[in-house]
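Following: one structure in structure tokens, then a few remarks.
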């Protein structure tokens with residue numbers, strides 16, 4: 001339990017100060033609201049200002065999704081209980097533990113006090129607050145339903161964090177195994193095999209093909225290793241700059257990923273789930289369809305699919321519906337298109353899109369399990385081949401040495 005000091009106003013307008021204990025800031029705010037008080041200021045006793053954190057932490061390090069979720073939860077709670085938005089960000093500035101979010105809370109507070117809207121203040125920090133985040137807040141401000149919109153936004157952030165965590169978990173084991181194989185290969189080729197080969201050479205044993213292949217790789221590695229490493233590093237930097245920082249490169253990258261067996265299926269379904277959940281959220285919040293597609297273009301997470309949204313927007317501006325233009329794209333499956341068409345005809349598009357999102361969430365879990373099941377045997381076979389190759393490279397000369405000793 002944590003002790004909080006607070007300042008609040010009672011129904012008569014009289015200011016009251018006090019302390020309470022709670023497990024979190026949200027729980028403390030709820031306790032104050034349950035006491036028929038309006039929170040004005042709340043502060044964790046003993047909390048430090050955090051001014052010793054470096055510029056690197058407050059300006060450049062990425063914000064983990066879990067920290068953004070906690071930040072949004074606290075904001076939702078304070079807005080719901082009636083705390084003024086400037087006061088809410090003053091509290092977040094004092095209470096948030098994540099350095100960059102704490103720093104941004106102070107900047108947003110200053111912008112709002114200077115007359116800016118919350119959405120405009122947040123949009124200045126697009127590397128932390130996505131276009132979707134800012135657009136949803138703008139819709140909530142315009143409609144006067146900011147608490148409800150923030151609730152929906154919080155659900156979407158948590159949903160996306162869960163999907164990404166599932167994909168990362170599925171890929172973690174293969175990456176660890178591949179890394180271990182590469183490390184074992186370098187150790188064997190660079191250090192182990194040459195020592196065994198030198199010993200066998202002194203005994204005059206003719207080295208078998210696997211051992212000679214290992215020696216050749218060892219010579220190449222020891223002689224040109226620094227150049228190989230430098231070349232790979234240069235290629236990596238070039239690929240990073242081209243495939244991650246240029247529009248053409250991102251398009252090539254995302255199209256290739258979508259066409260990759262197994263992995264492409266997971267990425268495509270994740271994009272469909274993201275499309276359906278965001279579109280449903282925007283529609284239920286009163287955002288216009290064209291504006292929704294603009295936001296989806298920036299937030300769907302795949303450049304190849306985003307390019308299709310531009311085509312869909314152009315067709316919508318010409319007076320077409322949503323389902324028809326979506327059907328002209330190769331990335332949107334028939335099931336999604338039919339659900340959108342039914343939603344358009346029935347006037348319940350947001351509900352149908354939520355069903356689509358739930359369906360693809362289940363599909364993602366199934367596909368990830370399928371991917372994991374398929375990768376397992378591939379890794380086992382690869383491990384067997386590598387271990388078997390090095391075993392032959394070492395033990396075949398030893399068998400020859402044993403045979404020579406027996407013949408003598």
(message) I'd like to know if region 230-243 contains one or more residues that are surrounded by 12 or more Cβ atoms within 10 Å (Cβ to Cβ) and not in a helix (DSSP H, G or I).
(response) no
(request) Would you please name the residue that is surrounded by the fewest Cβ atoms within 10 Å (Cβ to Cβ), looking only at residues in region 257-287 that are touching a helix residue (DSSP H, G or I) at 6+ places or on another chain (Cβ under 6 Å) and outside any helix (DSSP H, G or I)? (result) 286
(request) Determine which member of the set 383, 290, 392, 371 is surrounded by fewer than 16 Cβ atoms within 10 Å (Cβ to Cβ) and under 30 Å from residue 175 (Cα atoms). (result) 383
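Here is a yes/no grid of residues against (1) surrounded by 21 or more Cβ atoms within 10 Å (Cβ to Cβ); (2) in a loop (DSSP other than H, G, I, E, B); (3) more than 24 Å from the chain's Cα centre (by Cα):
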residue	(1), (2), (3)
86	no, no, yes
89	yes, no, yes
106	no, no, yes
110	no, no, yes
119	no, no, no
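Quick grid of which residues meet (1) in the same structural domain as residue 76 (by TED's automatic domain parsing); (2) modelled with pLDDT of 80 or more; (3) under 30 Å from residue 275 (Cβ atoms):
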{"residue": "166", "(1), (2), (3)": "no, no, yes"}
{"residue": "174", "(1), (2), (3)": "no, yes, yes"}
{"residue": "186", "(1), (2), (3)": "no, yes, no"}
{"residue": "193", "(1), (2), (3)": "no, no, no"}
{"residue": "201", "(1), (2), (3)": "no, no, no"}
{"residue": "208", "(1), (2), (3)": "no, yes, no"}
{"residue": "219", "(1), (2), (3)": "no, yes, no"}
(message) Against the conditions (1) under 20 Å from the mean Cα position of the chain (by Cα); (2) under 30 Å from residue 347 (Cα atoms); (3) touching a residue at least 60 places away in the same chain (Cβ under 8 Å), where does residue 258 fall short? Just the number, please.
(response) (2)
(message) Yes or no: region 51-64 includes at least one residue that is at pLDDT 85 or above and part of a helix (DSSP H, G or I).
(response) no
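Just to be sure before I move on: is residue 378 surrounded by 15 or more Cβ atoms within 10 Å (Cβ to Cβ) and part of a helix (DSSP H, G or I) in the structure I sent? Before the answer, list the steps.
Values: surrounded by 15 or more Cβ atoms within 10 Å (Cβ to Cβ): no; part of a helix (DSSP H, G or I): yes.
Judged against the criteria, residue 378 is not a match.
Among 265, 277, 292, which is the only one that is in the same structural domain as residue 174 (by TED's automatic domain parsing) and over 18 Å from residue 352 (Cβ atoms)? If you could, list the steps in order and put the result at the bottom.
Numbers: 277 fails: over 18 Å from residue 352 (Cβ atoms); 292 fails: over 18 Å from residue 352 (Cβ atoms).
Exactly one residue qualifies, and that residue is 265.
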(message) Take the conditions over 25 Å from the mean Cα position of the chain (by Cα), buried (at least 20 other Cβ atoms within 10 Å of the Cβ) and touching a residue at least 12 places away in the same chain (Cβ under 8 Å) and apply them to residue 98. Does it pass?
(response) no
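The values are calculated or read from the model by the stated rules, or taken from the named source; none is laboratory data. Computed from a prediction, not measured in an experiment: that's the story for all the values here. Every residue, glycine as well, gets a Cβ built from its backbone with ideal geometry; the counts of neighbours run over all protein chains shown.
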